[in-house]
1. In whole percent, what relative contact order does the chain give with Cα contacts below 8 Å and a gap of six or more residues?
2. Which whole-number percent gives the relative contact order of segment 146-245, counting Cα pairs below 8 Å spaced six or more residues apart?
3. I'd like to compare 223-233, 138-148: which one has the highest average count of other Cβ atoms within 10 Å, and what's the full order after that?
4. Give a residue-ordered list of calculated ³J(HN,Hα) values for segment 226-231 (Karplus: 6.51 cos²θ - 1.76 cosθ + 1.60, θ = phi - 60°; whole Hz; x for Gly, Pro).
5. Just the accessible area per residue of segment 22-131, please: how many Å² with a 1.4 Å probe?
6. Tally up the carbon and sulfur contribution to the accessible surface of segment 88-245 as a whole percent, 1.4 Å probe, everything protein left in place.
7. Highest mean first, what order results for 70-78, 85-93 on Cβ atoms within 10 Å?
8. Spelling out what I want: for every residue of segment 209-214, take phi, set θ = phi - 60°, compute 6.51 cos²θ - 1.76 cosθ + 1.60 (Karplus), and round to whole Hz; glycine and proline get x.
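The values are calculated or read from the model by the stated rules, or taken from the named source; none is laboratory data. In this text the structure is predicted, and so the values were computed from the model without any measurement. Counting neighbours? That spans all protein chains shown, and the Cβs are built from the backbone with ideal geometry, glycine included. When the accessible area is computed, the model is the full protein with side chains, heavy atoms only, and any ligands, DNA or RNA have been set aside. Shrake-Rupley method; radii C 1.70, N 1.55, O 1.52, S 1.80 Å.
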Amino acid sequence: MENNEIIEQISIYDTQLKDTDPELVEILDNFIVNDLKEEYEKITFTERMLLILSTLIANQSHKLYEKILTEAIVEGLDPIIVKEMLYQSIVYLGIGKMYEFIDITNNVFDEKGVTLPLPGQSTVTQKTRKQEGYKIQQQHYGKQWMEDQIQATQQNQRRLWDYISEFGFGDFYARGGLDDKQREIITIAILISMRGCEPQLEIHLRGCKSVGFSDDQLIAMIMILIPYIGFPRIHNVLAVLNKLE
């Protein structure tokens, strides 16, 4: 389901919050439902949910993640897409910050009748993972850029690039279940939500452009994150975006 009006059916509040803090709910509803509506229309429902759920993982917002995921599954979000989002987050957050979200997600799936395990999505072998990962990096960021980055790295540190190609891109980006645009959405949502990741964010904003997102869509995605991460990080990412050619 790709209904751009569906966001209005997904509430971020517990029922009691409407009773205990009605003015706060009114303020947030006005912004999230009304002010941001124009931005929602620029991307799909699935893209929007990946954006929001990814930033909640990065910010360790367990309760809000569970609430929004539950409602999104009811409204048609594909469970395979959710699991692939979780797996990919390991590349940027590590297993420590993702681990509890696996349990939360599995519990939501169980409550909603989703059968586990889901169909496998791996497309590489131990022998092909580096090659396939490097191929994806070239497609997203350019062969010359990749070669320049490797050459600029000290010789005794260059194995890091092998790890990125094998693990980050071969083991995760090369999986099925998500398209290139969806994978870049997950990545920028996490990088925007973290501190001190502006160099990596610049790379992946370029990657977003290379897989087909317009500047207007990128700005929309950034604005949609305002209620979840606040304005300071939004200013930071806009500054990075404005530097891109």
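1. Once normalised by length, the contact order is 25 percent.
2. In percent, rounded to a whole number, it is 23.
3. The densest-packed peptide leads the list: 223-233, 138-148.
4. With the stated coefficients, segment 226-231 comes to 3, x, 9, 10, x, 6 Hz.
5. Value for segment 22-131: 49 Å² per residue.
6. Using a 1.4 Å probe with all protein chains present, segment 88-245 comes out at 50 percent carbon and sulfur.
7. Highest to lowest by the protection proxy: 85-93, 70-78.
8. 5, 5, 9, x, 7, 7
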